[in-house]
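Notes follow once the structure below has been shown.
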Amino acid sequence: MDTSQLRKCARLIYITTGNMDNASEIARELVSKRLAACVNIFPISSIYRWNETIEEDNEIAMFVKTDSLCLENIIKLVKSLHTYKMPAIEFWEIEGDEEYLDWVHLNSSGKRVSISRKI
């Protein structure tokens, strides 16, 4: 697989949690296990339907930047640590700056793609 194909396989995963402690625990595990290069964590307000009731809560959202090959392991890890019965785990293929995506691949899969300088 050439590097242009690898770059097309980067993912952004969106996860919500009920509190900062759970979000931090998940993020630290993902990064320490090299399943994610980076996790951004930020507060959000959510309005949603649950058990036929409209709910409104403050939650914590996470953006996980990773290599596509890590997706299944990320989902397993998140479900094992998450406090929700059914966590929101959404993901997209992403495009971006070549050097940045090289860094994402290296730090979430351990595979060097083509980093031309240190970040």
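Here are the numbers:
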{"read-out": "Those residues of segment 1-20 which are modelled with pLDDT under 90 and assigned to a strand (DSSP E or B), in sequence order", "value": "none"}
{"read-out": "Count of residues meeting criterion [touching a strand residue (DSSP E or B) at 6+ places or on another chain (Cβ under 8 Å) and polar (S, T, N, Q)] in segment 43-64", "value": "3"}
{"read-out": "Positions within segment 44-70 being farther than 30 Å from TRP103 by Cα and aliphatic (A, V, I, L, M), in sequence order", "value": "ILE47, ILE54"}
{"read-out": "Cross-chain or 6+ apart pairs with Cβ under 7 Å, segment 52-80 first and farther than 19 Å from ARG28 by Cβ and modelled with pLDDT of 95 or more, then of a type in the set (A, V, I, L, M) and part of a strand (DSSP E or B)", "value": "ILE54/ILE47; GLU56/ILE47"}
{"read-out": "Yes/no for GLU29 being acidic (Asp, Glu), surrounded by 13 or more Cβ atoms within 10 Å (Cβ to Cβ) and not in a helix (DSSP H, G or I)", "value": "no"}
{"read-out": "Test for GLU95: is it surrounded by fewer than 18 Cβ atoms within 10 Å (Cβ to Cβ), touching a residue at least 40 places away in the same chain (Cβ under 8 Å) and within 10 Å of the chain's Cα centre (by Cα)", "value": "no"}
{"read-out": "Given (1) more than 23 Å from LEU106 (Cα to Cα); (2) within 16 Å of the chain's Cα centre (by Cα), number of the condition ILE13 does not satisfy", "value": "(1)"}
{"read-out": "Segment 81-92, subset touching a residue at least 60 places away in the same chain (Cβ under 8 Å) and out of contact with any Leu (no Cβ under 6 Å at 6 or more places or on another chain), residue surrounded by the most Cβ atoms within 10 Å (Cβ to Cβ)", "value": "HIS82"}
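The values are calculated or read from the model by the stated rules, or taken from the named source; none is laboratory data. None of these values were measured; they are calculated from a predicted model. When we count neighbours, we look across all protein chains shown, and the Cβ atoms used for this are built from the backbone with ideal geometry, even at glycine.
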